[in-house]
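Okay, structure first, notes after.
The values are calculated or read from the model by the stated rules, or taken from the named source; none is laboratory data. Worth saying up front: this structure is predicted, and the values here are computed from it rather than measured. Cβ placement follows ideal geometry from the backbone for every residue including glycine, while neighbour counts extend to all protein chains displayed.
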């Protein structure tokens with residue numbers, strides 16, 4: 001007892017004269033930093049005075065690697081950026097190359113890509129909400145989210161054989177037609193999934209602990225969000241209704257009936273509400289896609305770009321030669337430059353390509369939403385409690401593979 005009183009006395013005496021702050025490292029080994037993020041905090045007691053984030057040392061050089069391989073070979077590298085929404089990254093690159101080629105894909109391929117893109121959005125938001133809840137101690141929500149994520153993976157596995165790193169589809173459309181049972185599997189998912197969203201809503205949205213840990217925490221104003229270049233739920237959570245699907249439609253999104261969810265407070269709780277509503281809107285888009293999925297060709301009639309059907313490769317010498325040339329040398333693109341953006345689950349994902357007319361990109365650069373959104377972390381947590389740092393990191397919902405690519 002005497003020792004406890006002595007410690008308290010020393011601490012009280014020092015508080016009035018202390019001039020030094022405490023340096024604390026959060027990450028890169030901490031599970032709540034979601035990867036190799038390392039944040040150096042300067043603390044005054046439990047208040048964050050200054051925060052300096054370091055994005056880690058993955059340094060995989062994705063963009064430089066892609067400048068030495070064909071456009072099709074670039075596709076698996078996009079899986080390894082935002083690897084919890086790989087199918088969305090795939091489609092983003094494919095649409096950019098198709099824009100460079102001025103190539104239009106058949107309606108069946110476009111509708112299929114919309115369905116797959118929105119499944120990827122749901123998958124990503126489930127991980128963002130589930131792991132964010134786990135970071136703050138809500139384990140049950142994590143299990144609800146990952147159970148539904150597994151169902152999305154089963155659909156992706158049915159389509160392309162892969163779950164996490166899809167590498168699907170291809171420039172010009174789909175490599176093969178949608179498999180038997182695809183429409184039934186998707187219809188079954190969107191029939192039951194809204195009930196799970198309601199369950200998550202009941203567990204979190206009015207939960208007193210969840211409100212205390214998120215409401216008024218990690219606030220970013222609309223002006224600051226715009227100045228920092230934030231996009232996706234991090235921008236819409238601050239009341240700015242910017243959505244690439246509405247502003248610069250692609251894949252026929254202008255023909256779909258859906259809303260752009262926004263919230264006004266700009267805090268961690270607002271970003272959570274936006275992601276919850278976005279999943280409901282994704283279900284709505286997928287349902288419209290299923291109801292309007294046309295028959296017909298699933299890839300463009302472009303012999304110099306699209307691989308021939310396997311049956312022709314095995315039976316026709318001309319098709320075998322064409323397959324060999326496209327697979328080994330790549331298809332040629334016209335000289336020039338192009339930028340195309342898609343509304344990735346985490347925000348605006350853009351690809352910038354410079355072509356020299358060969359079968360490989362002369363330059364390829366990625367505009368990753370996670371990298372840009374992470375800029376807001378310092379502004380969100382300075383002046384807040386140490387415990388709010390974890391809530392802020394979770395609410396941004398970034399993937400370090402996309403940040404330090």
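Going by the conditions given, is residue 211 in a helix (DSSP H, G or I), touching a residue at least 24 places away in the same chain (Cβ under 8 Å), exposed (fewer than 15 other Cβ atoms within 10 Å of the Cβ) and in contact with a helix residue (DSSP H, G or I) (Cβ under 9 Å, 6 or more places away or on another chain)?
On the way: in a helix (DSSP H, G or I): yes; touching a residue at least 24 places away in the same chain (Cβ under 8 Å): yes; exposed (fewer than 15 other Cβ atoms within 10 Å of the Cβ): yes; in contact with a helix residue (DSSP H, G or I) (Cβ under 9 Å, 6 or more places away or on another chain): yes.
Criteria met by residue 211.
Residue by residue through region 336-354, note down the ones that are assigned to a strand (DSSP E or B) and surrounded by 21 or more Cβ atoms within 10 Å (Cβ to Cβ).
Start the filter on region 336-354 by keeping residues that are assigned to a strand (DSSP E or B), which leaves 336-344, 347-354.
340, 341, 342, 343, 344, 347, 348, 349, 351, 353 - these are the residues of region 336-354 that are assigned to a strand (DSSP E or B) and surrounded by 21 or more Cβ atoms within 10 Å (Cβ to Cβ).
Please name all residue pairs, on different chains or six or more residues apart, with Cβ atoms under 7 Å, provided the first residue is in region 56-76 and is more than 20 Å from residue 97 (Cβ to Cβ) and the second residue is in a helix (DSSP H, G or I).
56/400; 58/400; 58/401
If we keep just the residues of region 101-142 that are out of contact with any helix residue (DSSP H, G or I) (no Cβ under 9 Å at 6 or more places or on another chain) and in a helix (DSSP H, G or I), which is surrounded by the most Cβ atoms within 10 Å (Cβ to Cβ)? Walk me through it before giving the result.
Our first condition is that a residue be out of contact with any helix residue (DSSP H, G or I) (no Cβ under 9 Å at 6 or more places or on another chain); within region 101-142, this holds for 101-102, 106-110.
Now restrict to residues that are in a helix (DSSP H, G or I): 101, 107-110.
Details: 101: 21, 107: 16, 108: 19, 109: 25, 110: 20.
Residue satisfying both the conditions and the ranking: 109.
Kindly list, by first and then second residue, each pair from a residue in region 119-139 that is on the phi > 0 side of the Ramachandran plot to a residue that is at pLDDT 90 or above and part of a helix (DSSP H, G or I), limited to pairs with Cβ atoms under 9 Å and residues at least 6 apart or on different chains.
137/209; 137/213
Given (1) surrounded by 20 or more Cβ atoms within 10 Å (Cβ to Cβ); (2) out of contact with any helix residue (DSSP H, G or I) (no Cβ under 7 Å at 6 or more places or on another chain); (3) under 18 Å from residue 97 (Cα atoms), identify the lone condition not met by residue 299.
Just one mismatch for residue 299, condition (2).
Within region 243-261, track down each residue that is free of Cβ contacts under 8 Å to residues at least 24 places away in the same chain and either closer than 16 Å to residue 396 by Cα or in contact with a helix residue (DSSP H, G or I) (Cβ under 7 Å, 6 or more places away or on another chain) (or both).
Initially, region 243-261 is screened for residues free of Cβ contacts under 8 Å to residues at least 24 places away in the same chain, giving 246-247, 249, 254-255, 259.
Within region 243-261, 259 is the sole residue that qualifies.
Just need a number here: residues in region 236-269 that are closer than 23 Å to residue 117 by Cα and out of contact with any strand residue (DSSP E or B) (no Cβ under 7 Å at 6 or more places or on another chain). Full working, then the answer.
Taking region 236-269 and keeping what is closer than 23 Å to residue 117 by Cα, we get 236-237, 240-262.
Add one more test, that the residue is out of contact with any strand residue (DSSP E or B) (no Cβ under 7 Å at 6 or more places or on another chain), and what stays is 236-237, 240-242, 246-247, 249, 251-262.
Residues in region 236-269 being closer than 23 Å to residue 117 by Cα and out of contact with any strand residue (DSSP E or B) (no Cβ under 7 Å at 6 or more places or on another chain): 20 in total.
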